[in-house]
Amino acid sequence: MAIQLSDKCPLFSLPDQHGKQLNISELIGKNILVIYFYPKDETPGCTKEACSFRDSYEDFKDLGCEVIGISSDSIDSHKLFAQNHRLNFRLLADTGKEVRKAFGVPPSLFGLIPGRVTYVVDMDGTVRGIFNSLTNAEGHIREALKTVRDLQSI
């Protein structure tokens with residue numbers, strides 16, 4: 001079942017592009033989290049989305065956010081992707097797709113392509129924003145920033 005607004009963020013631990021394990025429970029309560037799932041490293045839409053998150057990373061940091069990208073690509077693939085595009089946030093390798101399943105990220109295009117969904121998780125670990133669009137990669141950044149700003153005004 002897919003994660004909905006007001007659900008708690010599933011707890012997980014995955015390696016990043018440097019092979020360092022990230023346990024999401026260590027970030028909950030310290031930062032607002034922007035967790036985005038994307039289909040594949042080095043594809044046009046995913047590169048555009050990652051570079052947009054990179055370019056807006058300071059805006060997210062200024063708002064007290066941590067940005068995390070997740071796909072089923074390997075640690076080595078993430079490392080190259082991050083290096084090639086000077087990505088300044090963590091990419092997590094969900095090679096077994098367990099975390100994607102825990103969030104219930106739906107596939108796109110008749111199940112042929114993994115979905116592209118962004119979640120905004122507040123300091124209590126509650127999902128406060130969900131944006132699902134395979135084709136509007138840059139919209140994920142705009143919607144995440146809007147949700148975070150709305151959270152800041154509460």
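None of the figures in this text is laboratory data; all of them are computed from the coordinates on show. Nothing here was measured: the structure is a model prediction, and the numbers come from that model. So basically every Cβ, Gly included, is an ideal-geometry build from the backbone, and we count neighbours across all protein chains shown.
Remarks
- Whole-Å distance, taken between Cα centres, linking region 17-68 and region 127-142: 13 Å
- Selection from Gln4, Gln17, Met123, by position along the positive dipole direction of the chain (Cβ): Gln4
- Net dipole in debye of region 30-152 [+1 Lys, Arg Cβ; -1 Asp, Glu Cβ; about Cα centre; nearest 20]: 140 debye
- Taking amide H as placed 1.01 Å from N in the peptide plane, the amide H of Leu22 sits under 5 Å from that of Leu14, Asp16, each at least 5 places away or on another chain.
- For region 1-143, the relative contact order is 34 percent, taking Cα pairs closer than 8 Å that sit 6 or more residues apart in sequence and dividing their mean separation by the residue count.
- For Rg and Dmax of the Cα atoms in Å, the candidate list reads (i) 14.6, 43; (ii) 14.0, 40; (iii) 21.7, 80; the entry that matches the value derived from this model is (ii).
- R0 of 30 Å, Cβ-Cβ distance Thr43-Lys101: FRET efficiency to nearest 0.05: 0.90
- Ellipticity at 222 nm from helices only: DSSP H runs of n ≥ 4 in the chain, each -39500 (n - 2.57), divided by the residue count, give -10000 deg cm²/dmol.
- Overall form of region 85-154 per C-alpha gyration tensor (a/c, 1.5; a/b vs b/c): prolate
- Charge context of Phe103, other residues only, Cβ under 15 angstrom, K/R +1, D/E -1: +3
- Nonlocal Lys pairs with alpha-carbon distance under 27 Å, region 30-152 (8 or more apart, or different chains): 21
- The label point for Ser52 and the one for Ser74, both projected 7 Å from the Cα toward the Cβ, are 3.0 nm apart.
- Computed over neighbours whose Cβ is under 13 Å from that of Thr47, the net charge equals -1, Lys and Arg +1, Asp and Glu -1.
- Amide H within-cut-off set for Gly125, under 5 Å, with H built and near neighbours excluded: Gly29
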